[in-house]
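One structure is given here, and the rest of the page talks about it.
Every number in this text was worked out from the coordinates using simple rules, so none of it is lab data. Just so it is clear, the structure is predicted and the values come from calculations on it, not from any experiment. Cβ placement follows ideal geometry from the backbone for every residue including glycine, while neighbour counts extend to all protein chains displayed.
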Amino acid sequence: MNFAIGVDAGGTASRAVALAEDGTRLGSGLGGGSNPNSVPAEQAAAAVAAVIADAMRGLDPSLLRACVIGMAGTSKLTDPAVATIFETALRPLGLKGKPRFVSDAEAAFASATEEPDGTVLIAGTGSIAGRIRGRRMASVVGGYGWLLGDEGSGFWIGREAVRRTLDALHGDLPLGKLATAVLAEAGVPPDETRAAHLLITAANADLPVRLSRFAPLVSDAAAADPVARDIVERAAAQLVEAALAAREPGETTPVVLVGSVLGNESPVGELVRADLSDLRVLASSDGVGGAVRLAMIDAFGEHAATRPSRGVTD
């Protein structure tokens, strides 16, 4: 039975699903993180190979018609040494042809809609907006990483929370709900005379991207704290601006939202959906579903687009 495989190569977990041409689920795999930006390339490649092997257990590799791997760290594969590590790890599986690596944004978009064109807006730890054409990323807005951009992301929100707390401390202003929570998260007593210096030291002692751990505090405080609400509103405005900049004038294609900052329980996500309410806004949380949909299309043609992703992770 001919089949296709889709893989979601995430930073903390990896999943793979094998589907027959008629959409029947034939196998699946679950393993560790495989984003080469988050873990060593050897570890990432081994994790991808392991979940594919699990999904193919008992299947004839010669009947595999397509394999699509959705990965946030696809840029790493432009390094020949990293690409060789992945090729070496996958070679023992006996895959027919080379797997196709796609960005996590492309996989997320495909998981939410059968349409080939539209916009994807991602806001998790980082942020990026992309114009999708033919299920491929045609252009991007943002996505420059924490040092150069990622406006509206979890990192950006967390950094703003710390900065606004420092402003309150330096200005000898009353500490609101957000500032109090930030100091507690950083392990700094609010009545400490050197609280600002201790907060700066605590923030700089960790990896910069770890500032994103303060982002949930902003969501928690947004309803009661005007400072938190201001951060939420600014984050939403920047994300909406990025999404609209990725679209052509008058475009009616869907907008797919991805990431924790844009979730149903997030105040940022609530504002973004409200600001984009005149567009078709969809949500995605199923990267492996999108990857296997793309693999089915690669393997069996456009007619396969409506078949695969629903329920593949059950």
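Observations on the structure shown:
- Between 0 and 90°, nearest 10: helix 177-186 axis offset from the chain longest Cα axis: 70 degrees
- In order through region 283-293: 3J(HN,Hα) via Karplus (6.51 cos²θ - 1.76 cosθ + 1.60), integer Hz, x for Gly, Pro: 10, 10, 9, 10, x, 5, x, x, 4, 6, 4
- Cβ-derived FRET efficiency at R0 22 Å, GLN43 paired with ASN2, nearest 0.05: 0.10
- Theoretical gain in end-to-end length, ARG280 to SER75 [0.36 nm per residue, Cα-Cα removed]: 70.8 nm
- Between amide H atoms placed 1.01 Å from N, distances below 5 Å from ALA66 occur with ILE5, all of them 5 or more places distant or on a separate chain.
- Based on Cα contacts under 8 Å between residues 6+ apart, the chain shows a relative contact order of 21 percent.
- Paramagnetic reach from THR84 (point 7 Å along Cα→Cβ, amide N under 19 Å) across region 27-46: 36, 40-46
- The charge dipole of region 116-253, taken about the Cα centre with unit charges on the Cβ atoms of Lys, Arg (+1) and Asp, Glu (-1), comes to about 480 debye, rounded to the nearest 20.
- Linear extension gain, THR201 paired with ASP167, 0.36 nm per residue minus alpha-carbon span: 10.7 nm
- Here's how it looks for PHE101: its modeled amide H is under 5 Å from those of ILE69, which are all 5 or more places away or on a different chain.
- Net charge of Cβ neighbours under 11 Å - reference LEU262; Lys, Arg +1; Asp, Glu -1: -1
- Gaussian network model of the chain, Cα within-10 Å springs - most flexible of SER103, SER277, SER28: SER277
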